[in-house]
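Encoded as structure tokens, the structure appears first; notes follow it.
What follows is calculated from the coordinates using simple rules that are stated; it is not laboratory data. Computed from a prediction, not measured in an experiment: that's the story for all the values here. So basically every Cβ, Gly included, is an ideal-geometry build from the backbone, and we count neighbours across all protein chains shown.
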Amino acid sequence: MFKNQLAVFAITAVLTSFTAFAQEDYTRFKSEASVQALGSFVKQTTENGVDQGATDSAGVLATYRYYFSRHHGVEANYSWTSNTQTYKGIWHGYHFA
């Protein structure tokens with residue numbers, strides 16, 4: 001049992017040291033920007049006789065960060081996606097789409 005605990009401790013120590021090496025020096029990078037692609041994949045639902053659905057769509061997410069100091073900064077995000085919502089059903093005897 002002691003060997004298992006020692007092995008777990010050794011693995012944890014190694015993984016912790018990897019995260020320590022991943023930290024960046026603040027003075028080198030004061031800002032960063034990233035762009036990501038996103039997707040929205042939805043299913044059609046029916047509730048109380050009303051069908052609600054949307055088209056599958058793709059989009060973009062952009063992020064910019066600027067650091068004033070080591071612990072203070074601002075972040076701006078912008079995302080765009082396009083989809084179409086659809087509703088079909090009967091309400092008080094009237095059909096709508």
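Spin-label model, N77 to Y64: label points 7 Å out along the Cα-to-beta-carbon direction sit 1.7 nm apart. Among the trypsin sites (Lys or Arg not before Pro) found in the range 44-92, those both in a DSSP coil and sparsely packed, with 15 or fewer other Cβ atoms within 10 Å of their Cβ, are R70. Using a cut-off of under 19 Å, list every residue of the range 50-77 whose amide N is near the label point 7 Å from the Cα of E32 along the Cα-to-beta-carbon line. The answer is 61-77, whose backbone nitrogens lie closer than 19 Å to the label point.
Taking the fewest neighbouring Cβ atoms within 10 Å as the starting point, the ordered list for D56, D51 is D56, D51.
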